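Engineer: Structure below; questions to follow.
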Amino acid sequence: MSVLIVNIGCAVGIAEGTTPLLRGAAMNETGQIQNAWILIEGDRISGFGSMDNVPQGSFDTIDAKGGWAFPSFCDSHTHIVYAGSREQEFEDKIRGLSYEDIAKRGGGILNSAEGLRKISENELYEQSMIRVDEVIRKGTGAIEIKSGYGLSLESELKMLRVIRRIAESVPLVVKSTFLGAHAVPAEFRGDKEGYVRLICREMLPEIARENLADYVDVFCDRGFFSVDDTARIIDRAAEFGIKAKIHADELALTGGTEIAVGKGAVSVDHLEQITENEMSFLAGGTTVPTALPGASFFSNLPFAPVRQMIDYGIGPALASDYNPGSSPSGDMRFIMSLGCIKMRMSPVEAFNATTVNGAHAMESAHLAGTITVGKLANLFITEPLPSLAFLPYAYITPLIRRIILKGQSIA
Ligand code: NIG
Ligand code: FE
């Protein structure tokens, strides 16, 4: 049965044909239809237009009653699968410890690794699904999920299997990333080289054999993994046809952006420390730069220079970085607001960065990120809004009224 959504106050993110990554000034534009309808057949969008020429026939009809329709958010960087939480470290941070101080004393990622190794695959799935359900209700329709709290072959496989199970149980677009190189585990303390060898020789081949990862990631930063480690891991993954998405230049400028772009990574993420030099690499490559303002906000760190990036002609994405240490939220509307408030993006730029550009940062733009005929019917409908800018402006008002994923109403 076809579903016809009528009386949409404004449909935003309307696009015809292919939807390339938006760069520079193009980020400040989006297709809008006032007083619109959208037609859904099966899991796909099959048409849209103005209520002046609404299709006639027998449809299941949803009356939007003036509410606005948006394509679901595309959250291209999360660590949503984890065990427990880390509010103890939150208190440590309030008392003045930095993210790096906490990591150095064995907290941070290693703290989550300890918790993750102890719980069953089933329990990990149940805990993670609570968060997945939460982000669905907040408007996310496509999500990338990383491993990286296992840090041993067995526990990384456990995480990746949980990600696969999530992908099978929810109507989201899900991309899976192997982040074995997130931290050096306690049993390899002082032997980072031994751990990188384990990743290359044992973990990557097994993960590829079980087809558990779309991408490989490395936390390429001061105190974690070097540019050389990163290059080795990217090259090894490429032997199995696995592309890269890299954490880089968050805590210090260590060359991660350059290596990620040079090696053709799909995305390079964080970028809080980058300068015009890195922007010139980004401008010349295909790698999607992805800023994570939730992590800057929560960790009281600088924000990535997204305003300068856009003015330079680059096309950044924004993602939540949902994780227990530096960004315990996957609320993409809040990410949009942070883009506007802290990074001086216009509301339209922040909207494009969290939708179509996010889709590109996980190679899903043929399925998600805009309201386009042939793409998945992944949408949310809000209350009637005075303008698009109201969405990031009223940053905490619960404006989302209905979620549609793969053509099905969720809430
Ligand atoms: O993206 N930067 C590295 N990884 C995560 C933090 C993970 C954690 O602290 O648990 C991030 O911010
Ligand atoms: Fe991250």
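Engineer: Helix 227-239 versus the longest principal axis of the chain: what is the Cα-based angle in degrees, 0 to 90, to the nearest 10?
Structural biologist: Value to nearest ten degrees: 60.
Engineer: Could you give the Stokes-Einstein D for the stretch 163-239 in µm² per second, using the C-alpha Kirkwood radius, 25 °C, 0.890 mPa s? Could the numbers behind the result be given before it?
Structural biologist: On the way: Rh = 13.3 Å.
D = 184 µm²/s.
Engineer: Is the shape of the stretch 1-85 rounded, prolate or oblate, going by the alpha carbon gyration tensor and its root eigenvalues a ≥ b ≥ c, with a/c under 1.5 for rounded and a/b larger than b/c for prolate?
Structural biologist: oblate
Engineer: Pull up all non-local amide H partners of Gln408: gap of 5 or more, or a different chain, and H-to-H distance under 5 Å with H placed in the peptide plane.
Structural biologist: It is none; the list stays empty.
Engineer: Further question on the same structure: Order by neighbour count: His79, His247, His366, fewest other Cβ atoms within 10 Å first, most last.
Structural biologist: Neighbour counts put them in this order, fewest first: His366, His79, His247.
Engineer: Calculate the spin-label point distance for Asn300 paired with Asp43, positioning each point 7 Å from the Cα along the beta-carbon direction, and give it in nanometres.
Structural biologist: 4.5
Engineer: Rounded to two decimal places and with Rh computed the Kirkwood way over Cα pairs, what is Rg over Rh for the stretch 255-364?
Structural biologist: Here Rg/Rh amounts to 0.93.
Engineer: So in the chain, what percent of DSSP beta bridges are antiparallel if you round to the nearest 5?
Structural biologist: Once the DSSP bridges in the chain are tallied, antiparallel ones form about 45 percent.
Engineer: I need the per residue convex hull volume for the stretch 204-246, using only the alpha carbons, in cubic angstrom as a whole number.
Structural biologist: Details: hull volume 2.6 nm³, N = 43.
About 59 Å³ per residue, rounded to a whole number.
Engineer: In nm, what is the difference between 0.36 nm times the number of residues separating Asp311 and Thr286 and their Cα-Cα distance? Kindly include the intermediate steps, with their values, before the conclusion.
Structural biologist: On the way: separation 25, 0.36 × 25 = 9.00 nm, distance 1.74 nm.
Between Asp311 and Thr286, full extension yields 7.3 nm more.
Engineer: Residues with amide H under 5 Å of Ser2's amide H, sequence separation 5 or more or different chain, H placed in the peptide plane at 1.01 Å from N; which?
Structural biologist: Excluding prolines and chain starts, which carry no amide H, the hits are Asp60.
Engineer: Same structure again: State the answer as a single residue: which of Cys340, Ala265, Ile314 lies farthest towards the positive end of the charge dipole of the stretch 233-355, with beta carbon charges of +1 for Lys and Arg and -1 for Asp and Glu, about the Cα centre.
Structural biologist: With unit charges placed on the Cβ atoms, the residue in question is Cys340.
Engineer: Compute the acute angle (0 to 90°) between the alpha-carbon long axis of helix 109-118 and the principal axis of greatest extent of the alpha-carbon atoms of the chain; round to the nearest 10°.
Structural biologist: The answer is roughly 90 degrees.
Engineer: Taking only the alpha carbons of the stretch 34-152, what extent do you get along each of the three principal axes, in Å, biggest first?
Structural biologist: In descending order, the Cα extents are 65, 33, 19 Å.
Engineer: Counting other C-beta atoms within 10 Å, and keeping those with at most 13, which DSSP coil trypsin sites (Lys or Arg not before Pro) do you find in the stretch 1-93?
Structural biologist: When the trypsin sites (Lys or Arg not before Pro) of the stretch 1-93 are filtered for loop state and at most 13 Cβ neighbours within 10 Å, Lys65 remain.
Engineer: How much mean residue ellipticity at 222 nm does the chain get from its helices, if each DSSP H run of length 4 or more adds -39500 (n - 2.57) and you divide by all residues, to the nearest 500 deg cm²/dmol? Write down the numbers at each step before the final one.
Structural biologist: On the way: 16 runs with 142 residues, N = 411.
One gets -9500 deg cm²/dmol as the mean residue ellipticity at 222 nm.
Engineer: Only Lys, Arg, Asp and Glu count, each charged at its Cβ (+1, +1, -1, -1), so figure out the dipole size of the stretch 109-182 about its Cα centre, rounded to 20 debye.
Structural biologist: 140
Engineer: Please report the relative contact order for the chain, taking Cα pairs under 8 Å with a sequence separation of at least 6, and give it as a percent rounded to a whole number.
Structural biologist: 22
Engineer: With no solvent and one point per C-alpha, what does the Debye sum give as log10 I(q)/I(0) for the chain at q = 0.06 Å⁻¹?
Structural biologist: For the requested q values the scattering log ratios are -0.23.
Engineer: While we're here: If you build the convex hull over the alpha carbons only and average its shadow over all orientations, what do you get for the stretch 181-315? Give it in nm² to one decimal.
Structural biologist: Working: hull surface 33.1 nm².
One quarter of the hull surface, i.e. the mean projection, equals 8.3 nm².
Engineer: Just the ratio, please: alpha-carbon radius of gyration of the stretch 319-411 over 2.2 N^0.38 Å, N its number of residues.
Structural biologist: Details: Rg = 13.6 Å, N = 93, 2.2 N^0.38 = 12.3 Å.
Here the Cα radius of gyration is 1.10 times the empirical estimate.
Engineer: If I take every Cα pair under 8 Å that is 6 or more residues apart in the stretch 103-227, average their sequence separation and divide by the length, what percent do I get for the relative contact order?
Structural biologist: 25
Here, each number is a calculation from the coordinates, and none is a lab measurement. These numbers come from a predicted model, not from an experiment. Note that we place each Cβ from the backbone using ideal geometry, even for glycine, and neighbour counts take in every protein chain shown.
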